[in-house]
Amino acid sequence: MKKVFFLVALFSLLFLQSCQEEVIPTLQCGTNEENINGVCEIILQPEELALVNAIANADDISNYQMDITIQNGHDLYDMIIQFDSEKSSFEFDGQVEYYEQQGGTLYHYIPQGELYVKETVTTTGSNEYEFFKSFEVDWFTYNNGKYLMNLQNQSQAQLFFNDSFPDSELTGFEMTIENDFISEMVFLLQVGEISYRFVIEFSNIGTIDIVLPQV
């Protein structure tokens with residue numbers, strides 16, 4: 001009888017041990033994380049998700065319009081730039097110039113009277129107006145509807161403007177996002193004692209159709 005009791009007690013102990021081994025501890029996720037099928041995944045706020053999508057979309061757009069306003073004291077300068085894949089147009093002071101990329105060659109269409117002449121341009125292949133395609137998500141902090149560039153990243157972004165504004169310093173940058181695309185950028189450049197304020201508005205994404213002039 002004692003032997004039977006011992007065996008029952010032994011099997012009971014083994015059964016309890018097996019049950020204890022099968023207990024799976026509850027997964028504890030951190031702040032802004034959620035247990036998705038046993039894996040902690042970061043849950044983004046709407047403004048964070050909009051920034052992630054806008055940065056990703058910026059790298060892919062090749063058809064859009066930029067309306068640029070440059071303010072220097074009381075002086076204002078307006079420019080309209082359109083991009084249509086390998087073609088682009090620049091409108092300034094009532095004059096429109098065109099560029100066309102063909103393979104490794106860049107052509108410039110310059111107005112002369114009512115006609116245009118076509119010239120070959122020496123280029124490095126980079127487009128300084130597409131500097132926003134190099135932005136990183138962690139460069140920005142959301143505040144009251146705007147995405148402000150962090151101070152520690154302004155020196156990195158300032159490098160984009162060195163060709164057009166040598167020895168310049170970026171002193172402020174904010175960005176607006178609508179429908180997962182960058183809709184506006186406002187930034188300040190200091191060049192010596194001269195301050196420039198740039199406002200760039202994006203529009204007509206995916207609808208631009210540039211027709212090159214006859215030469």
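If a residue counts only when it is touching a Gly at 6+ places or on another chain (Cβ under 6 Å) and among the charged types (D, E, K, R), which strands (runs of 3 or more DSSP E) contained entirely in segment 39-141 have at least 3 such residues?
On the way: elements: 39-42, 63-72, 75-84, 87-92, 95-102, 105-112, 115-121.
Fully inside segment 39-141 and qualifying: nothing.
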Looking only at residues that are more than 13 Å from L148 (Cα to Cα), crowded, with 16+ Cβ neighbours inside 10 Å and touching a residue at least 24 places away in the same chain (Cβ under 8 Å) in segment 183-196, which one is farthest from the chain's Cα centre (by Cα)? Y196
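Of all residues in segment 204-214, which are under 16 Å from the mean Cα position of the chain (by Cα) and surrounded by fewer than 15 Cβ atoms within 10 Å (Cβ to Cβ)? Walk me through how you get there before you give the answer.
The first filter runs over segment 204-214 and keeps only residues under 16 Å from the mean Cα position of the chain (by Cα), leaving 205.
Correct list: empty.
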Scope segment 156-171; condition under 17 Å from the mean Cα position of the chain (by Cα), in contact (Cβ under 8 Å) with a residue 12 or more places away in the chain and more than 20 Å from D67 (Cβ to Cβ); matching residues: Q156, A157, Q158
Mind checking whether some residue in segment 120-138 is more than 14 Å from the chain's Cα centre (by Cα), among the hydrophobic types (A, V, I, L, M, F, W, C) and either under 24 Å from K87 (Cβ atoms) or at pLDDT 95 or above (or both)? yes
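Name the one entry in D138, D163 that is surrounded by fewer than 16 Cβ atoms within 10 Å (Cβ to Cβ) and more than 26 Å from D180 (Cα to Cα).
D163
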Go through Q102, Q82, Q65, Q71 for me and flag whichever is closer than 18 Å to V215 by Cβ and out of contact with any Cys (no Cβ under 7 Å at 6 or more places or on another chain). Q102
Which condition breaks for M79 when tested against (1) under 24 Å from T207 (Cβ atoms); (2) surrounded by fewer than 13 Cβ atoms within 10 Å (Cβ to Cβ)? (2)
Which members of segment 141-155 meet the condition of being over 16 Å from D180 (Cα atoms) and in contact (Cβ under 8 Å) with a residue 24 or more places away in the chain? L148, M149
Kindly establish whether I177 is in a strand (DSSP E or B), in contact (Cβ under 8 Å) with a residue 24 or more places away in the chain and surrounded by 13 or more Cβ atoms within 10 Å (Cβ to Cβ). yes
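So, in segment 97-107, exactly how many residues are free of Cβ contacts under 8 Å to residues at least 24 places away in the same chain and buried (at least 16 other Cβ atoms within 10 Å of the Cβ)?
Selection size over segment 97-107: 4.
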Condition met for H74 (more than 26 Å from G172 (Cα to Cα) and without any contact (Cβ under 8 Å) to a residue 24 or more places away in the chain): no
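The values are calculated or read from the model by the stated rules, or taken from the named source; none is laboratory data. As the structure is a prediction and not an experimental result, all values here were calculated from the model. In this analysis, Cβ positions are derived from the backbone assuming ideal geometry, glycine residues included, and neighbour counts consider all displayed protein chains.
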